[in-house]
Amino acid sequence: MTIHKIEAIKSLAPKAEVIVGASGVVTWHNLNGETQPTEDQITAEINRLETQYTNDKYKRDRAVAYPSIQEQLDLQYWDQVNSTTKWKDAVAKVKSDNPKP
(Lines give C-alpha, C1' and ligand atoms only; values in the text may rest on other atoms or scores of the structure.)
Protein backbone atom coordinates (compact mmCIF):
# COMPACT_ATOMS: atom_id res chain seq x y z
CA MET A 1 0.00 0.00 0.00
CA THR A 2 1.18 3.48 -0.73
CA ILE A 3 0.46 6.01 1.96
CA HIS A 4 -0.82 9.17 0.37
CA LYS A 5 0.22 12.65 1.40
CA ILE A 6 -3.24 13.47 2.77
CA GLU A 7 -3.07 10.48 5.15
CA ALA A 8 0.26 11.72 6.51
CA ILE A 9 -1.07 15.27 6.90
CA LYS A 10 -4.18 14.03 8.71
CA SER A 11 -1.96 11.98 11.00
CA LEU A 12 0.20 15.01 11.82
CA ALA A 13 -2.59 17.63 11.93
CA PRO A 14 -5.91 15.81 12.40
CA LYS A 15 -8.00 18.97 12.87
CA ALA A 16 -6.60 20.81 9.85
CA GLU A 17 -8.68 21.32 6.73
CA VAL A 18 -6.58 20.71 3.63
CA ILE A 19 -6.82 19.70 0.02
CA VAL A 20 -4.04 17.84 -1.75
CA GLY A 21 -4.20 18.27 -5.49
CA ALA A 22 -3.34 15.61 -8.06
CA SER A 23 0.14 17.10 -8.41
CA GLY A 24 0.70 16.86 -4.64
CA VAL A 25 0.29 20.56 -3.96
CA VAL A 26 -1.25 21.17 -0.53
CA THR A 27 -3.82 23.93 -0.03
CA TRP A 28 -4.40 24.74 3.64
CA HIS A 29 -7.88 26.07 4.36
CA ASN A 30 -7.97 26.11 8.13
CA LEU A 31 -5.42 24.79 10.59
CA ASN A 32 -7.96 24.72 13.46
CA GLY A 33 -5.20 25.30 15.99
CA GLU A 34 -2.84 22.75 14.42
CA THR A 35 0.74 23.54 13.43
CA GLN A 36 1.32 23.24 9.71
CA PRO A 37 3.82 20.42 9.17
CA THR A 38 6.79 20.95 6.87
CA GLU A 39 7.31 18.91 3.70
CA ASP A 40 10.11 17.03 5.49
CA GLN A 41 7.76 16.17 8.37
CA ILE A 42 5.11 15.00 5.90
CA THR A 43 7.65 12.83 4.07
CA ALA A 44 8.88 11.36 7.36
CA GLU A 45 5.28 10.61 8.39
CA ILE A 46 4.58 8.90 5.06
CA ASN A 47 7.62 6.70 5.67
CA ARG A 48 6.54 5.96 9.26
CA LEU A 49 3.00 5.05 8.21
CA GLU A 50 4.25 2.82 5.38
CA THR A 51 6.57 1.00 7.80
CA GLN A 52 3.72 0.58 10.27
CA TYR A 53 1.46 -0.77 7.52
CA THR A 54 4.13 -3.27 6.44
CA ASN A 55 4.79 -4.36 10.03
CA ASP A 56 1.07 -4.89 10.66
CA LYS A 57 0.62 -7.33 7.74
CA TYR A 58 0.40 -10.27 10.13
CA LYS A 59 -2.59 -8.61 11.83
CA ARG A 60 -4.45 -8.25 8.54
CA ASP A 61 -3.61 -11.83 7.59
CA ARG A 62 -4.79 -13.16 10.95
CA ALA A 63 -8.03 -11.18 10.78
CA VAL A 64 -9.14 -13.00 7.63
CA ALA A 65 -7.77 -16.38 8.73
CA TYR A 66 -9.56 -16.63 12.08
CA PRO A 67 -12.86 -18.48 12.11
CA SER A 68 -15.85 -16.16 12.54
CA ILE A 69 -16.91 -15.27 16.07
CA GLN A 70 -19.94 -17.53 15.67
CA GLU A 71 -17.72 -20.44 14.63
CA GLN A 72 -15.34 -19.77 17.51
CA LEU A 73 -18.16 -19.72 20.04
CA ASP A 74 -19.50 -22.97 18.63
CA LEU A 75 -16.02 -24.53 18.86
CA GLN A 76 -15.73 -23.36 22.46
CA TYR A 77 -19.15 -24.80 23.34
CA TRP A 78 -18.35 -28.19 21.82
CA ASP A 79 -14.89 -28.19 23.41
CA GLN A 80 -16.61 -27.83 26.79
CA VAL A 81 -19.15 -30.55 26.02
CA ASN A 82 -16.62 -33.00 24.54
CA SER A 83 -13.50 -32.05 26.54
CA THR A 84 -11.65 -31.22 23.32
CA THR A 85 -9.31 -28.36 22.33
CA LYS A 86 -10.47 -27.64 18.77
CA TRP A 87 -10.92 -23.90 19.41
CA LYS A 88 -7.46 -23.50 20.96
CA ASP A 89 -5.97 -25.56 18.13
CA ALA A 90 -7.67 -23.40 15.48
CA VAL A 91 -6.47 -20.16 17.07
CA ALA A 92 -2.96 -21.54 17.58
CA LYS A 93 -2.77 -22.55 13.91
CA VAL A 94 -3.73 -19.07 12.72
CA LYS A 95 -1.10 -17.55 15.02
CA SER A 96 1.61 -19.99 13.93
CA ASP A 97 0.74 -19.55 10.22
CA ASN A 98 0.88 -15.74 10.62
CA PRO A 99 3.59 -14.99 13.20
CA LYS A 100 4.42 -11.55 14.54
CA PRO A 101 7.56 -10.10 12.94
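Let me know the Kirkwood hydrodynamic radius for the chain, please, with Cα pairs as the basis and the value in Å to one decimal. Mind showing how you got there, number by number?
Details: mean 1/r = 0.0590 Å⁻¹.
Evaluated on the chain, it is 16.9 Å.
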Next item on the list: May I ask for the percentage of alpha-carbon pairs in region 1-52 that lie more than 19 Å from each other?
Entry: 19
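Heavy-atom accessible area per residue, the chain, 1.4 Å probe: how many Å²?
On the way: 7250 Å² over 101 residues.
Dividing the accessible area of the chain by its residue count gives 72 Å².
So, counting K/R as plus one and D/E as minus one, what does the shell of residues with Cβ under 12 Å around LYS95 add up to? The partial results should precede the final answer.
On the way: positive: LYS59, ARG62, LYS88, LYS93, LYS100; negative: ASP61, ASP89, ASP97.
Result for the local shell: +2.
With a 1.4 Å probe and every protein chain kept in, tell me what percent of the accessible surface of region 1-84 is carbon plus sulfur. Could the numbers behind the result be given before it?
Working: 3150 of 5900 Å².
Carbon-and-sulfur percentage of accessible area, whole number: 53.
To the nearest 20 debye, what charge dipole does the chain have about its Cα centre, counting +1 at the Cβ of each Lys and Arg and -1 at the Cβ of each Asp and Glu? The partial results should precede the final answer.
On the way: 13 positive and 14 negative charges, 63 e Å.
Here the size comes out at about 300 debye.
Rounded to the nearest 500 deg cm²/dmol, what is the calculated helix-only ellipticity per residue at 222 nm for the chain, with -39500 (n - 2.57) per DSSP H run of length n ≥ 4? Before the final figure, lay out the partial values.
Working: 5 runs with 60 residues, N = 101.
Rounded to the nearest 500, the figure is -18500 deg cm²/dmol.
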Item checked: Those lysines that a straight Cα-Cα span of less than 29 Å connects to LYS100, excepting residues fewer than 8 apart in one chain -> LYS5, LYS10, LYS57, LYS59, LYS86, LYS88
Check: Under 5 Å between amide H atoms, partner at least 5 residues away or on a different chain: which partners does VAL18 have, H built in plane at 1.01 Å?
Finding: HIS29
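The values are calculated or read from the model by the stated rules, or taken from the named source; none is laboratory data. Please read all numbers here as calculations on a predicted model, not as lab measurements. Positions of Cβ are generated from backbone atoms using ideal geometry, with glycine treated the same way; all protein chains shown enter the neighbour counts. Heads up: the accessible areas ignore ligands, DNA and RNA and are worked out on the full protein's heavy atoms, side chains in. Shrake-Rupley method; radii C 1.70, N 1.55, O 1.52, S 1.80 Å.
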